[in-house]
Amino acid sequence: MQTRETILATLRDALVELFDIEPERVTPTANLYTDLEIDSIDAIDLIDHIKRKTGRKLDANDFRTVRTVQDVIEAIDQKQPSQEQ
């Protein structure tokens with residue numbers, strides 16, 4: 001079972017790897033769109049990456065209300081790991 005701290009670490013690694021964002025910018029209060037400059041296409045890439053790393057299936061609808069890194073952590077935490085491998 002992943003804790004919110006491990007989800008944050010996974011999310012931070014994903015944002016660094018996918019979008020070259022400095023790790024220190026990825027804080028729970030950081031806004032994905034204004035602070036980290038993620039756009040809707042980037043969000044889809046992030047959803048796919050999170051699914052592969054955590055086994056938790058998110059979809060675009062899960063990101064409709066997401067604004068901050070903490071929102072993403074909560075959305076991931078609420079999802080059960082997917083059964084597909």
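The values are calculated or read from the model by the stated rules, or taken from the named source; none is laboratory data. Every value quoted in this text rests on a predicted model; they were computed, and no experiment measured them. Virtual Cβ from ideal backbone geometry, glycine too; neighbours counted across all protein chains shown.
Observations
- Any hit, the range 35-44, residues being at pLDDT below 95 and in contact with a Ser or Thr (Cβ under 7 Å, 6 or more places away or on another chain): no
- Every condition in (1) at pLDDT below 95; (2) polar (S, T, N, Q); (3) farther than 15 Å from K79 by Cα; (4) touching a helix residue (DSSP H, G or I) at 6+ places or on another chain (Cβ under 7 Å) holds for T27 except the one numbered (1).
- Note on the range 50-73: among residues that are surrounded by fewer than 18 Cβ atoms within 10 Å (Cβ to Cβ), in a helix (DSSP H, G or I) and touching a helix residue (DSSP H, G or I) at 6+ places or on another chain (Cβ under 8 Å), the one that is modelled with the lowest pLDDT is A60.
- Count of residues meeting criterion [closer than 14 Å to L8 by Cα, of a type outside the set (S, T, N, Q) and in contact with a strand residue (DSSP E or B) (Cβ under 9 Å, 6 or more places away or on another chain)] in the range 18-55: 4
- Filtering the range 36-49 to residues that are of a type in the set (D, E) and crowded, with 16+ Cβ neighbours inside 10 Å leaves only D42.
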